[in-house]
Structure formats: structure tokens, C-alpha cells
Amino acid sequence: MSSAFPYHKVIIIGPAHPLRAGGITTFNERLARQFTKEGHQISIYSFALQYPGFLFPGKSQFTDEPAPIDLDIHTRINSINPFNWISVGTEIKRLKPDLVIVRYWIPLMGPCLGTILRLIKKNKHTKIICIADNIIPHEKRIGDKLFTRFFIKPVDAFITMSDQVLNDLRMFTTDKKALLVSHPLYDNFGAKITKAEARKQLGIGNTEKILLFFGFIRKYKGLDMLLDAIKILKSAPTPFTDFKLLIAGEFYDDRKLYDEQIDKLDIKDHLILHTTFISNGDVKNYFCAADVVIQPYRHATQSGVTPLAYHFEVPMIVTNVGGLPDMVPDTIAGLVAEPNAISLAEKILEYFTKGENDYQAGVIEEKKKFSWTKMVESILELANSK
């Protein structure tokens, strides 16, 4: 281990197995492996209870997949039990890690994480670095600002993965150091396979044009706009008629609203619905089967779907919101649409008129920017700063 980076005992506080492998869980586990690879002693303190049942929109918070044997995961934190916060904070304080990396994505976690961090700081040894996915949440609630201010105070420095989150952070603090670092690639879902092989696994024909919407279905992600765009494409004269929108991910919104919209638009024949939780082992099939990945978000900071698309080298169509255009430069790694159905339809048409090959080289070149080594270096740079 380089003497420039003296941190050896590192703890990540955030979601990990057996919580379902959404973006943050996957990120934390992959980051832990990178710290191990670079010679650090790493463990993860995860949640025994992340969300109360009435606040969790999916079917289950937990996975049936086996635990990773190469990671030291402590399933300890209860997000709504203050006595647990004191217990966990005291435990980590006594362990005296050199560095704690804490994830922050929703103000609901502010009281829990802020309390744990305050207790850890009492050992007068541990540096605390936050990787902030969001500072201002997608879905706002009473208490958000208060909870976020409470969380921020014991943190020494921040990593953000979009300019928007960095700007949001500066609304709460101007004196804490922060670095903007690109979201690394999710390279732990297996190697790229052929389109034909992936489509065979999913039962999709080889001649169809496949548009992929991937991930939990929530209002801010704009699936309803994309459905309207599919109706526009279906109704307009286009050079391609045999196209399907593959929707892969669990509903975190009221499914009834989407089903009613699909019936009203009469577009069911252009949809493939795989609206259950997608296991890690199946992720490659969806991306490798796609001709293009579409992120029709109404607003965004960064997206974990983008690094997946880059890993499997699939071009993207994204909306011009948050950090998405920075991650997917227009006409290079894909196309950037405005967040409305007409613009999405126009960009889908433009994409297939030009052809996938027009963007493939750009995707492969842009892919080189997203490195886990760079993420670790940036965290340690902040940890070593005064």
C-alpha cells in the first residue's frame, strides 16, 4: 500500500447483501472489492431494517441470492431505532477505523446516519467521507432539509458523481471539501454476450428493434413519457415498424396507472413487460439484448443504469436533465432528448435511422473514463487532506 495513502482499516456504511442489489448495494460491494484489491482491510455495515414496510414500495427488500463469500458484511443498522443507532455508532467508534465511507441518498436516513457518525467522531481518529448520491431527493418530504443538515455536520468531505449534487451540497455547506468523480462502471455482472444469445435467453426475436427501460419504476424516471413516445412512433410513418420497448424492473409506483395508460394508448403489442426484480445473473441478458438503452427521466442526478450500459457497450438515449448529458455526450455515446414524449420519439427515430454502429465507437471510448481505481484514489485524496 502506498505511503501516500495511510488508511488501512476502512468501513463502508450503506446497503449491502442481503438487501436487494439495487444501484447503491451493487456500488458498495464493488467498491469494497476495489479497496481489498488495493490492500486495505474493508468491511460493510449494512441495514437489518432499511425502510419500514409502509414506506417500501416494492415486494421485498431482501434477496434470496447467496451472500458474497469475499465480503465482510455486518447486517446491523435499524434506520428507525435510535437505541440501535447508539449501539452501532459506539461499536464502530471502538473499532477505530481509519476511514468511514458513508452513503447518502435520501434524507430519511439523516437522523440514523448522522447519529452514528457523531458517535464515531468521538474517537478523534476516524475520517468520514460521504459518497452523496442525492442531497435534495427526487421525491421531497417534510423534514428533508433538517435531516440533511443533521447528517452533513459530522462528515469531513464529500464525493459527488454529478454537478447537480455538488451544487445541491453547496446549498448546505460551503466549507467542506468535495470532489466530483464519474460513477464507475458496474463490471461485476459478467462479460458481454452476443445479442443473439441474450435474446434467446429472454425469448425475443432477432429481427426486432429492442429499446430497453431498465430499473425500478418510479415517477421521476419518466416511463409514462416513454410510453407516450411509443404511441407516437406507432402512429407515425417510420422506417422501422418491428420495434419493442422492453421494460425490465419492479414497479415502485402504482402499476394500475401504467396499465391503464398502456390500454388507453393501445401499445401493448409494442411492449415486453418483465416487471419483476431482475437478479444479478440476468442483468447481462437485458442489456446485451438491447439495441439502445433509454433513460427518459424527468429529473436526475446521476444514474446507475448508465454505467451498466457502458459496461455492456450499449448506446443510450437520455433526457437533458441532471448529470445524464455529461455521462452520455450527445451524438457520441447516444442521443440527448428533452424530457417530453415528442422529443423522445424524435430521438428514437433518429437513432434507428442512423443505426447502432454510429454510436458504438463513442460508447467504447467514453467507457474508459469510468474507473473504480479513480474512485478509491479520490476518496483517499479527500481522507488525506487537511
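Going residue by residue through the stretch 284-300, is there one that turns out to be at pLDDT below 95 and among the β-branched types (Val, Ile, Thr)? No, every residue in the stretch 284-300 fails to be at pLDDT below 95 and among the β-branched types (Val, Ile, Thr). In summary, no strands (runs of 3 or more DSSP E) completely within the stretch 246-320 bear 2 or more residues that are under 22 Å from residue 24 (Cβ atoms), in the same structural domain as residue 160 (by TED's automatic domain parsing) and of a type in the set (Ser, Thr, Tyr). For residue 275, the criteria (1) under 20 Å from residue 192 (Cα atoms); (2) β-branched (Val, Ile, Thr); (3) modelled with pLDDT under 95 hold in every case but one, which is (1). Go through the residues of the stretch 174-190 one by one and say whether even a single one is out of contact with any His (no Cβ under 9 Å at 6 or more places or on another chain) and in a helix (DSSP H, G or I). Within the stretch 174-190, none of the residues are out of contact with any His (no Cβ under 9 Å at 6 or more places or on another chain) and in a helix (DSSP H, G or I).
The requirement of being in contact with a Lys or Arg (Cβ under 6 Å, 6 or more places away or on another chain) and crowded, with 17+ Cβ neighbours inside 10 Å is not satisfied by residue 248. Please verify whether residue 207 is at pLDDT below 95, part of a loop (DSSP other than H, G, I, E, B) and not assigned by TED's automatic domain parsing to the domain that holds residue 353, treating the condition exactly as stated. No, not satisfied. Scoring residue 303 on the criteria (1) closer than 15 Å to residue 213 by Cα; (2) free of Cβ contacts under 8 Å to residues at least 24 places away in the same chain leaves a single failure, condition (2). Checked against the criterion of being crowded, with 19+ Cβ neighbours inside 10 Å, modelled with pLDDT under 95 and closer than 22 Å to residue 127 by Cβ, the candidates 27, 35 yield just one match: 27. How many residues, within the stretch 341-385, are part of a loop (DSSP other than H, G, I, E, B) and closer than 17 Å to residue 245 by Cβ? Residues in the stretch 341-385 being part of a loop (DSSP other than H, G, I, E, B) and closer than 17 Å to residue 245 by Cβ: 1 in total. Considering only residues of the stretch 191-204 that are in a loop (DSSP other than H, G, I, E, B) and in contact (Cβ under 8 Å) with a residue 12 or more places away in the chain, which is farthest from residue 328 (Cα to Cα)? Checking each candidate, the answer is 204.
The values are calculated or read from the model by the stated rules, or taken from the named source; none is laboratory data. Given the structure is predicted, the values throughout are model-derived calculations rather than measurements. Heads up, the Cβs are rebuilt from the backbone with ideal geometry, glycines too, and the neighbour counts pull from every protein chain shown.
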